[in-house]
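To start, the structure under review is shown below, and the notes come after it.
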Amino acid sequence: MRLFSFRDELDLATAGVVVGDRVVSVARLVEAGGLEEELRFLDLGGLLEADPDLEGVRTALEHATAAGEPGEPLAALRPAPAIPRPGKIVCIGLNYRDHVEEQHIEPPTRPLLFAKFANTVVADGEPVIRPGGTRALDLEAELGVVIGRTARRVSAAGAMAHVAGYVVLNDVTARDWQGNRAALAPGEHGDGQWLRAKGSDTFCPMSPMLVTSDEVPNRQALRIRSWRTPATGPQAGQPVLMQDGTTADMIFDIPALIEFVSAVITLEPGDVISTGTPSGVGVFRDPPVFLEPGDRVRCQIDGIGSVDNPIVGG
């Protein structure tokens, strides 16, 4: 299934199932498909917690479709993040071989973990705020793995039974706060850790679409790209390709990441693992390229979806 998260008439995040170019909302699945009434007001994260395998949603969709429920035009809906308030966003650093190579460093011998929080999550079309004090905002297109069933000390062999599906993320980063040498002026230093650089408000745009794992038979062969559309300069208004990679380039694949993380951090329904980014980010270009207010940035993973956001000053 492809599930779409959107804002209802009360500006609350809700969700539905994509059927062609339309969306059958959870509210419609309650009314026409017999989905349990208490699920009506849940966002997609809450729905995963209440119906981990989404079997109730699948059954209700069959009933609603048989009853001729038309749904709503997808294009008319206002996107929300697929998981509006994740309990945890566990991020993986240096997990693509070409991203390691562009930095001229050795690949890690085990996954490198850091975290973002729910304050970072914004929807497709919503602004990414460049806070005062940083001048080196950068993009990182990433595949997000959404947990559907609680995972605690699971093996790689059994890891995929705990995955609900996939989303597209942009791991926005303030490279000067992070401490990247190419982003620092003479005499400047980074924070010494990544919390501010990675965890500031709006620093995790998330696609509205969640594609369930059964719809993605080859999760390690997905093309992943990002574009920057500059507001000024000779390429103003023209999307410029920044990243063009594939999830086949991951150093640690998804089952290995779930095994490693869940050994010490219990993963719960609606949690997200952001699995790393391929080469092409702005800070490692010559000269470096950073995001400026007025720019737009788009991250896309074939078969999963995209997230597109303007950059504004804060």
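Readers should treat all values here as calculations from the given coordinates under stated rules, not as data from a laboratory. Since we're looking at a predicted model, the values are computed, not measured. A quick note on method: Cβ atoms are made from the backbone with ideal geometry, for glycine too, and the neighbour counts reach across all protein chains shown.
I want to verify a result. In a Gaussian network model of the chain, Cα cutoff 10 Å, which of these has the top mean-square fluctuation: 87, 144, 245?
Top of the fluctuation ranking is 87.
Taking amide H positions as placed in the peptide plane 1.01 Å from N, state which residues far from residue 122 in sequence (5 or more) or on other chains have amide H under 5 Å from it.
Correct list: 204, 206.
How high is the relative contact order of the chain, in percent, counting Cα pairs under 8 Å that sit 6 or more residues apart?
Details: 801 pairs, mean separation 75.5, N = 314.
It comes to 24 percent, rounded to a whole number.
Ratio of segment 61-203's C-alpha Rg to 2.2 N^0.38 Å, to two decimals? Show your work: numbers first, answer last.
Working: Rg = 19.0 Å, N = 143, 2.2 N^0.38 = 14.5 Å.
Normalised Cα radius of gyration, segment 61-203: 1.31.
Gaussian network model of the chain, Cα springs within a sub-10 Å range: biggest mean-square fluctuation belongs to which of 141, 82, 183?
Maximum among the listed residues: 183.
With runs of 4+ DSSP H residues as the only contributors, calculate the mean residue ellipticity of the chain at 222 nm using -39,500 (n - 2.57) per run, divided by the residue total and rounded to the nearest 500.
-4000 deg cm²/dmol, from helical runs alone.
Normalising by the residue count of segment 2-79, find the relative contact order in percent from Cα pairs under 8 Å and 6+ residues apart.
This gives 37 percent for segment 2-79.
If I take R0 = 25 Å and measure r between the Cβ atoms of residue 223 and residue 106 in this structure, what FRET efficiency does the formula 1/(1 + (r/R0)^6) give, to the nearest 0.05?
Working: r = 27 Å, r/R0 = 1.06.
Here the calculated transfer efficiency is 0.40.
Which whole-angstrom value gives the distance between the alpha carbon centres of segment 92-134 and segment 268-303?
What the calculation gives is 7 Å, centre to centre.
With a 10 Å cut-off between alpha carbons and a GNM built on the chain, which of 301, 105, 251 moves the most?
Its mean-square fluctuation being the largest, the pick is 105.
Need one number: nm distance between label points at residue 195 and residue 153, each 7 Å from Cα along Cα→Cβ, rounded to one decimal.
Label at residue 195, label at residue 153, 2.9 nm between them.
Give me the angle, in degrees from 0 to 90, between the Cα long axis of helix 55-66 and the longest principal axis of the Cα atoms of the chain, rounded to the nearest 10.
Helix 55-66 sits at roughly 60 degrees to that axis.
What shape does segment 2-79 take by its C-alpha gyration tensor, where a ≥ b ≥ c are the square roots of the eigenvalues and a/c under 1.5 counts as rounded, a/b above b/c as prolate, and the rest as oblate? Present the calculation step by step, with values, prior to reporting the outcome.
Details: a/c = 1.57, a/b = 1.05, b/c = 1.49.
Verdict is oblate for segment 2-79.
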